[in-house]
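Novice: Below is one structure. I have some questions about it.
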Amino acid sequence: MTEQINLTVDGRDITVPKGTLVIRAAESVGITVPRFCDHPLLDPIGACRQCIVEIEGQRKPMTSCTTQATDGMVVRTHLTSEVARVAQEGQLEFLLINHPLDCPMCDKGGECPLQDQTLAHGPPDSRFIETKRRYVKPVPISAQVALDRERCVLCARCTRFSQQISGDPFIELFERGALEQVAIYEDEPYHSYFSGNVVQICPVGALTAASYRFKSRPFDLRTHDGICNQCSAGCNLRVDVRRGAIQRQLARDNMAVNEMWNCDKGRFGYEFVGSDRRLADPRIRSDFGLERRTWRGATAWVAERLNAAIDAGGPSSVGVLTGGRLTDEDAYALGRFARDVVGTDNIDFRMRPRDGEERDVLAAVAGTQGPTYDDVEAADTVVIAGLDPKEEVPILFLRLRKAWRKHGQRIVVVGPSLGSLDEIAWRWIQTSPGAETDVLRQLAGDTDAALEGEMAEVAQAVRGAGSSVVLAGERLALSQGALPAAAALAVALDADAPPFAWVPRRNNARGAVDAGLVPGLLPGGRRIDAPGPVADAWNGVPTEAGRDTAGILEAAADGEITALYLVGVDPARDFEDPKLARRALAAVDTLIVQDTLENASIEHADVLLPAAVSQERVGSFTTWEGRRQPFPQAIPPHGQSLPDWDILNQVAGAMGHDLGWQTAVDVRREAAPLMAPAGGLAERLAAVPVARGARPAPGEDGELTVVLGDWLLGKGDMLTGAKELLATARPAAAVINTADAERLGLSDGQDVAVVGPAGQLEVALEVTDHVTAGTCVLPSNSTEITPAEIADSAWPLRVQLQPAGQPEEVVA
């Protein structure tokens, strides 16, 4: 138990844990000490000198943000001490000597701590009559962040965030004394996935966001709570709206999830909401193209075509594909619509390669809450496989980095690529692509062979740690037996509460799992042959498991599936075999597209149903932890768009089925008990069979095996219109091992052609020791021609690299 101490602040007796800063002790009883440099998640520095207090027995005033409270301490703040009040007033006068009085044009005006504190604690008049310091402004330290140096009060919040939180130490304080200023290195521009946070924590208008600069005023904005819809992290947002349009999104405090931070994708990636590419009204294809229709007409048409397909070929002639953007309510509504109304189990949300082993693990985690952010941060050891946290779930990366920095957390990476964990990983157990299974089984002790060397050291650290967590990314499903092996490792570490988390990249993939948007699974991970309460709540449940995504598209291409319903998904670009997807979309008799934006799959659509985005409706998202987070509506829907559940409800009504829903709350009320887990995580994970991994056959001489990486900023539809944000994207590159580059006669930064069985794409080459030999890491969605386009239908994809500009030699 933490030792407690007693002190007095402004005559009030306080008890706080030993080690508490004086400024926090004062806050605990509602006394706010003025400050600029202090931030609860940054190390104290005492740079601004604004939080001065008088402490009995000290020769001079002290900064409360760097002084720890001691037992018996007597503190007087500016409220009761003339010494502290005069010191704070004088410090404010010093800060204002060179600070420009441009509040009417400054983006921080109206929400500026310097304005507020000058009014509350500053001098009434200025004695400074000389010329103020001037700088060229603004300085674009990145495409997204602008710096006005004359406004800076040298609080060092931005530099400390970059060094301590994100690990991107590109912003620094240069010069000394009156010449000191924030700047960047000339040869190192500010590249960070978290740059928007330095804008938000800047206490003045020195750092501003290019996408918000001169755009609005705080008093013009209406603020709404929101949940980020860009990845599975579940960051809490503040959505600021003016005249029905989003002006900006900021991080909203939730210490259990994103603390006080978010990534740039979630902060600035909202421009698609108002894009010209938004679908605005229902449309039906005729001889004259896609023509506008009323909702009644469009839903009646969809119902007629679905009923016709069912009458002709039975429910199995209908397929339903979706993605990860649906809310929990939408995902449940879609699952019930497919199985109860249409009567088909041909439904899947997974566009990437998948197998039956993955379904067993997803059934186990559905509806449960495993390790949380706090559990990951507190763990002594974390095993990561099939996941690059910084690129896929950035806030999880910040938690890992915080744990590494604060208490030396041991991070063990298993797989062919170290990714963005190179700075903080304790050990990297290298494997060839697809060979992670054996390593994970060895860490769990599921092997007869004695472990030696580094492997023995790592196994001892993982098994002997006070607490360990296993984080498995969705890419792990590409390796036979690897995902069940990761789950088995967690069971071996703690059979009663396995510290296992499946960490998907897409926003509400976890909600899709909980809702049962996987063939053979119902809400809560229930098997279709044991529906339990689902059978009581619904009118009917299919008796046989349906096809997965690949099976649905193959059946559509062959004419077995005649009606295909796409909800929030673009298989023509996102599916692992785009050629098959395009054949299926062209061949199917009826293609229904329900989405928010125009995409490549619309070319063959027979009907378009416009859906509302999350900011335009109420709902909830589920984080990778299994934490459900509701959010309110922030702006009106675009055009005639409706929530997905409402569209499905209307189509069901037109098909003669009354689902009984009037609002999203009705859907949630019905879904909640069914999406709850059918059993405990421990017993369900323990029942997952673990197969021995099959080591992939080596490629031909000169061939490299591709590992697809999901880079944070790519060419996804939900980054439409975010020009400044996309300008900061990591350039597309083929990442290979140093030894492979030397063997192939290639050099770092060189443009290369990546030649696959069905074509080639050209990117820059990145040479590193952070991928295994024989491996080529390619971004899945950062190039006009995706890696899937140069593959045949077989995975893994093997490619050859050659200097760009040479004649194409397709790999046989």
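Novice: Would you list the helices (runs of 4 or more DSSP H) that sit entirely within segment 595-701 and hold 1 or more residues that are modelled with pLDDT of 95 or more and either assigned by TED's automatic domain parsing to the domain that holds Pro531 or touching a Lys or Arg at 6+ places or on another chain (Cβ under 8 Å) (or both)?
Specialist: So the answer is 644-654, 664-675.
Novice: To continue, here is another question. When only residues in segment 51-73 that are β-branched (Val, Ile, Thr) and part of a loop (DSSP other than H, G, I, E, B) count, which is nearest to Val16 (Cα to Cα)?
Specialist: Thr70
Novice: In this structure, does Leu362 turn out to be of a type outside the set (Lys, Arg), buried (at least 23 other Cβ atoms within 10 Å of the Cβ) and assigned to a loop (DSSP other than H, G, I, E, B)?
Specialist: no
Novice: Turning to a different aspect of this structure: Looking only at segment 499-511, which residues are open to solvent by 10 Å² or more (accessible area, probe 1.4 Å) and under 16 Å from Ala385 (Cα atoms)?
Specialist: Pro499, Arg505 - these are the residues of segment 499-511 that are open to solvent by 10 Å² or more (accessible area, probe 1.4 Å) and under 16 Å from Ala385 (Cα atoms).
Novice: Further question on the same structure: Within segment 546-599, which residues are among the small types (Gly, Ala, Ser) and in contact with a Leu (Cβ under 9 Å, 6 or more places away or on another chain)?
Specialist: Ala550, Ala556, Ala557, Ala563, Gly568, Ala572, Ala581, Ala584
Novice: Among the numbered criteria (1) within 30 Å of Asp388 (Cβ to Cβ); (2) of a type in the set (Val, Ile, Thr); (3) touching a helix residue (DSSP H, G or I) at 6+ places or on another chain (Cβ under 6 Å), which single criterion is violated by Val618?
Specialist: The single condition Val618 does not satisfy is (1).
Novice: I'm trying to understand the selection: among the residues of segment 584-600, which are among the charged types (D, E, K, R) and under 32 Å from the mean Cα position of the chain (by Cα)?
Specialist: Asp595, Glu598
Novice: Restricting attention to segment 70-97, which residues are under 24 Å from Cys155 (Cα atoms), surrounded by fewer than 19 Cβ atoms within 10 Å (Cβ to Cβ), within 43 Å of the chain's Cα centre (by Cα) and of a type in the set (Val, Ile, Thr)?
Specialist: Listed by number, the list holds a single entry, Ile97.
Novice: Taking the stated definitions as given, is Arg222 at pLDDT 95 or above and open to solvent by 60 Å² or more (accessible area, probe 1.4 Å)?
Specialist: For Arg222, the condition - at pLDDT 95 or above and open to solvent by 60 Å² or more (accessible area, probe 1.4 Å) - is met.
Novice: Follow-up question, since we're still on this one. Quick one: Pro519 ticks every box in (1) in a loop (DSSP other than H, G, I, E, B); (2) open to solvent by 10 Å² or more (accessible area, probe 1.4 Å) bar one, so which box is it?
Specialist: Evaluating Pro519 over (1) in a loop (DSSP other than H, G, I, E, B); (2) open to solvent by 10 Å² or more (accessible area, probe 1.4 Å) leaves (2) as the failure.
Novice: Let me ask another. Would you be able to tell me the number of residues in segment 86-102 that are in a helix (DSSP H, G or I), free of Cβ contacts under 8 Å to residues at least 12 places away in the same chain and under 18 Å from Arg134 (Cα atoms)?
Specialist: Number satisfying all stated conditions: 1.
Novice: Can you list residue pairs whose Cβ atoms sit under 7 Å apart, with the first residue in segment 242-253 being open to solvent by 30 Å² or more (accessible area, probe 1.4 Å) and the second being in a loop (DSSP other than H, G, I, E, B)? Count only pairs 6 or more apart in sequence or on different chains.
Specialist: Matching pairs, first to second residue: Arg242/Ser216; Arg242/Leu221; Gly244/Ile635; Gly244/Pro636; Ala245/Ile635; Asp253/Met260.
Novice: Suppose we filter segment 729-761 for residues that are surrounded by fewer than 22 Cβ atoms within 10 Å (Cβ to Cβ), β-branched (Val, Ile, Thr) and under 30 Å from the mean Cα position of the chain (by Cα); how many remain?
Specialist: Final tally of qualifying residues: 1.
Novice: From the list Gln650, Gln594, which residue is of a type in the set (S, T, N, Q), open to solvent by 20 Å² or more (accessible area, probe 1.4 Å), more than 28 Å from Tyr373 (Cα to Cα) and out of contact with any His (no Cβ under 9 Å at 6 or more places or on another chain)?
Specialist: Only one candidate passes the filter, namely Gln650.
Novice: Continuing with the same structure: Any chance segment 138-153 includes a residue that's free of Cβ contacts under 8 Å to residues at least 24 places away in the same chain, open to solvent by 70 Å² or more (accessible area, probe 1.4 Å) and not assigned by TED's automatic domain parsing to the domain that holds Val86?
Specialist: no
Novice: Tell me, please, whether a residue that is touching a helix residue (DSSP H, G or I) at 6+ places or on another chain (Cβ under 7 Å) and at pLDDT below 85 can be found in segment 116-123.
Specialist: Yes, there is a match, as at least one residue in segment 116-123 is touching a helix residue (DSSP H, G or I) at 6+ places or on another chain (Cβ under 7 Å) and at pLDDT below 85.
Novice: Listed residues Ala385, Ala378; which is within 25 Å of Lys265 (Cβ to Cβ) and modelled with pLDDT of 95 or more?
Specialist: Ala385
Novice: Return the total of residues in segment 15-50 being outside any loop (DSSP other than H, G, I, E, B), free of Cβ contacts under 8 Å to residues at least 40 places away in the same chain and either farther than 18 Å from Lys406 by Cβ or of a type in the set (S, T, N, Q) (or both).
Specialist: Matching residues across segment 15-50 total 2.
Novice: Is there a residue in segment 530-551 that is touching a Lys or Arg at 6+ places or on another chain (Cβ under 6 Å), in contact (Cβ under 8 Å) with a residue 12 or more places away in the chain, closer than 28 Å to Ala587 by Cβ and not in a loop (DSSP other than H, G, I, E, B)?
Specialist: Scanning segment 530-551 turns up at least one residue that is touching a Lys or Arg at 6+ places or on another chain (Cβ under 6 Å), in contact (Cβ under 8 Å) with a residue 12 or more places away in the chain, closer than 28 Å to Ala587 by Cβ and not in a loop (DSSP other than H, G, I, E, B).
The values are calculated or read from the model by the stated rules, or taken from the named source; none is laboratory data. What you see is a predicted model, and the numbers here were worked out from it, not measured in a lab. With ideal geometry, Cβ positions are generated from the backbone for all residues, glycine too; neighbour counts draw on all protein chains shown. Side chains are part of the model used for accessible areas, which takes the heavy atoms of the whole protein and leaves out ligands, DNA and RNA. Shrake-Rupley method; radii C 1.70, N 1.55, O 1.52, S 1.80 Å.
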